[in-house]
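> Before anything else, here's the structure in question.
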Amino acid sequence: TLFCFPADPYKSLIGERGELRYGYTKKCGIYCFSETVDFSLLGWEPDIVTSQELESPAVPIVRTRIDRERAFLEIITFASNRADEGRVDNVMMEIRPKTETKVHVVPLITVRTKRKPLIKEASKASVVTLDKETEPIFMAADAVLTRGEGIGPGQQMLLPVGIATGDQPARYFLRFPQAGQSFEQLEAGLAEPDRLLAEVRDYWQKWCPCHGNVAVKLPGWLGEFWTACARNIMQASEVMNGKVNFQVGPTVYRGLAVVDGNFIIEAARYLGYDAEAQQCLEAYWDRQAPSGSVNALAPQQHWKDTAIPIFTTVRQAELTQDWSYFRKLQPQ
């Protein structure tokens, strides 16, 4: 699931266990990520994922619950983009007892990567880099991490022992900078997770699926489904060469797909994103070869990729009742 912002170049993904997935490559199919980060608790009991949900169809703050025999872990995952920080992925870990009044817990972080994670203490916090200490920060924690000695693939790291009660969960905060930020840029936010979460929630609650003069109201689950679809379209989009590209998704189909894009552009037009739809249409024609063919994600032998932009140009002119761009393109 994507939990990034609209047109965000950092397509942050969370998996079904609440794990973060980074470094997607098309070489090995949809599950090929160069770095993944799992969140768990020290102990022999198996993790049982009992729920995973977004706060609402419009708010991609993801809550994953992992149950153990005596306690459960809630992983709260969200993206932030403060002006003085830049883009960061954030993970709050909250552990609560299930039956007893209190329980001692040790959070476990597992980083699976071919590179070598290095831990460095920083102002009662920790930073993790990959391969070299001078590398950009991969992860920052609000407590001191220690290297674990677990079994299985990946580098295991332990957070300090916490005491969780029904009234006061054991809480930990982890940050994953996406733009090569320094620890100094992340430090203030590391100390105020609740404020960061509130800021992100406020952003998405104010975000409107519609744009311009368009307004839509659908009852019940129809409205929820429509809102989630609109959010997904905008999250998967990306600005390339100064123009919005509506993409099918963040992994296999991250790129401009002409056939799928025809329908996404039409959906964007219904949502009121007229300028963005026009930019994406023009992005198709920017890919026209000297031969006249238009190719995007598909190979050159995929001949219908040339016919579809012509069809899309006509369809967009019908929707807008503005044929000026169509006339401009007729020589092409």
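> Shape verdict for region 40-142, please, from the Cα gyration tensor: rounded (a/c under 1.5), prolate (a/b greater than b/c) or oblate.
Taking the square roots of the gyration eigenvalues as a ≥ b ≥ c, region 40-142 is oblate.
> Okay, moving on. Report the one residue of Ala215, Thr251, Phe3 whose Cα lies farthest in the direction of the positive end of the charge dipole of the chain (charges on C-beta: Lys and Arg +1, Asp and Glu -1; origin at the Cα centre).
Result: Thr251, furthest along the dipole toward the positive end.
> Please go through region 111-204 and write out the chymotrypsin sites (Phe, Trp or Tyr not before Pro) that DSSP classes as loop and that have at most 11 other C-beta atoms within 10 Å.
Listed in order of number, the matching sites amount to none.
> Here's something else I'd like to know. With the Cα gyration tensor of region 18-75 giving a ≥ b ≥ c as the square roots of its eigenvalues, does the rule (a/c under 1.5 for rounded; else a/b larger than b/c for prolate; else oblate) give rounded, prolate or oblate?
Judged from the Cα gyration tensor, region 18-75 comes out oblate (a/c at least 1.5, b/c at or above a/b).
> Expressed as a whole number of Å, what is the distance separating the alpha-carbon centroids of region 2-29 and region 97-132?
21
> For the chain, what relative contact order do you get, as a whole percent, if you take Cα pairs closer than 8 Å and at least 6 residues apart?
Relative contact order comes out at 14 percent.
> Grab the DSSP H runs of the chain that are 4 residues or longer, score each as -39,500 (n - 2.57), total them, divide by all residues and round the 222 nm result to the nearest 500 deg cm²/dmol.
Mean residue ellipticity at 222 nm (helix-derived): -8500 deg cm²/dmol.
> Let me ask something else about it. Assigning unit charges at the beta carbon (Lys, Arg +1; Asp, Glu -1) and nothing else, what dipole magnitude in debye, to the nearest 20, does region 80-135 show about its Cα centre?
Working: 12 positive and 9 negative charges, 52 e Å.
Dipole about the Cα centre, nearest 20: 240 debye.
> Could you report the accessible area of Ser123 in Å², rounded to 10, computed with a 1.4 Å probe on the protein chains as they sit in the structure?
Roll a 1.4 Å probe over it and Ser123 shows about 90 Å².
> Calculate, for the chain, the solvent-accessible area per residue in square angstrom, rolling a 1.4 angstrom probe over the heavy atoms of the protein chains.
Averaged over the residues of the chain, the accessible area is 51 Å².
> Here's a follow-up. Mind listing which GluC sites (Glu not before Pro) in region 5-61 are in a DSSP loop and have 15 or fewer other Cβ atoms within 10 Å? Can you show the working numbers first?
Values: sites: Glu16, Glu19, Glu35, Glu53, Glu55; in loops: Glu16, Glu19.
Here the GluC sites (Glu not before Pro) that fit, given the DSSP loop and packing criteria, are Glu16.
> With a cut-off of 8 Å between alpha carbons and a minimum separation of six or more residues, what is the relative contact order of region 1-123 in percent?
It rounds to 22 percent for region 1-123.
> Now, a different point. Name the shape class, rounded, prolate or oblate, that the alpha-carbon gyration tensor gives for region 243-295, where a ≥ b ≥ c are the square roots of its eigenvalues, rounded holds for a/c under 1.5, and otherwise prolate holds if a/b is larger than b/c and oblate otherwise.
The shape class here is oblate.
> Taking the Cα centre of each part, how many Å lie between region 184-257 and region 288-332?
A separation of 28 Å, based on Cα centres.
> Run the reach check for Lys102 against lysines, Cα to Cα strictly under 28 Å, same-chain hits fewer than 8 apart removed. What comes back?
Straight-distance partners of Lys102: Lys124.
> Could you order Arg327, Arg171, Arg315, Arg68 so the one with the most accessible surface comes first? Probe is 1.4 Å. Before the final figure, lay out each step's value.
Values: Arg327 150, Arg171 85, Arg315 65, Arg68 25 Å².
Result of the area sort, largest leading: Arg327, Arg171, Arg315, Arg68.
> Let me ask something else about it. With +1 assigned to the C-beta of every Lys and Arg and -1 to the C-beta of every Asp and Glu, and no other charges, what is the dipole magnitude of region 1-139 about the Cα centre in debye, to the nearest 20?
I would put it at about 340 debye.
> Further question on the same structure: Taking the Cα centre of region 58-215 as origin and charging only Cβ (+1 Lys, Arg; -1 Asp, Glu), how large is the dipole, in debye to the nearest 20?
Values: 22 positive and 21 negative charges, 95 e Å.
Result for region 58-215 is approximately 460 debye, rounded to the nearest 20.
> Mean-square fluctuation check for the chain, GNM, Cα pairs under 10 Å: which of Gln156, Gln235, Gln168 is largest?
It is Gln168.
> Further, regarding this structure: Can you flag which of Lys11/Lys132; Lys27/Lys114; Lys26/Lys114; Lys11/Lys243 are past 22 Å Cα-Cα?
Checking Cα-Cα distances, Lys11/Lys132 exceed 22 Å.
> Give the carbon-plus-sulfur fraction of the accessible surface of the chain in %, rounded to a whole number; probe 1.4 Å, heavy atoms of protein chains only.
Result for the chain: 54 percent of the exposed heavy-atom area is carbon or sulfur.
> Here's a follow-up. For Cα pairs less than 8 Å apart in space and 6+ apart in sequence, what is the mean separation divided by the residue count of region 63-158, i.e. the relative contact order in percent?
For region 63-158, the relative contact order is 19 percent.
> Can you pull out the GluC sites (Glu not before Pro) in region 81-185 that DSSP calls coil and that have at most 12 other Cβ atoms within 10 Å?
Filter output for region 81-185: Glu100, Glu133, Glu149.
The values are calculated or read from the model by the stated rules, or taken from the named source; none is laboratory data. Please read these numbers as outputs of a predicted model, since none were measured by experiment. Virtual Cβ from ideal backbone geometry, glycine too; neighbours counted across all protein chains shown. Areas reflect the complete protein model, heavy atoms only, side chains present, ligands, DNA and RNA absent. Shrake-Rupley method; radii C 1.70, N 1.55, O 1.52, S 1.80 Å.
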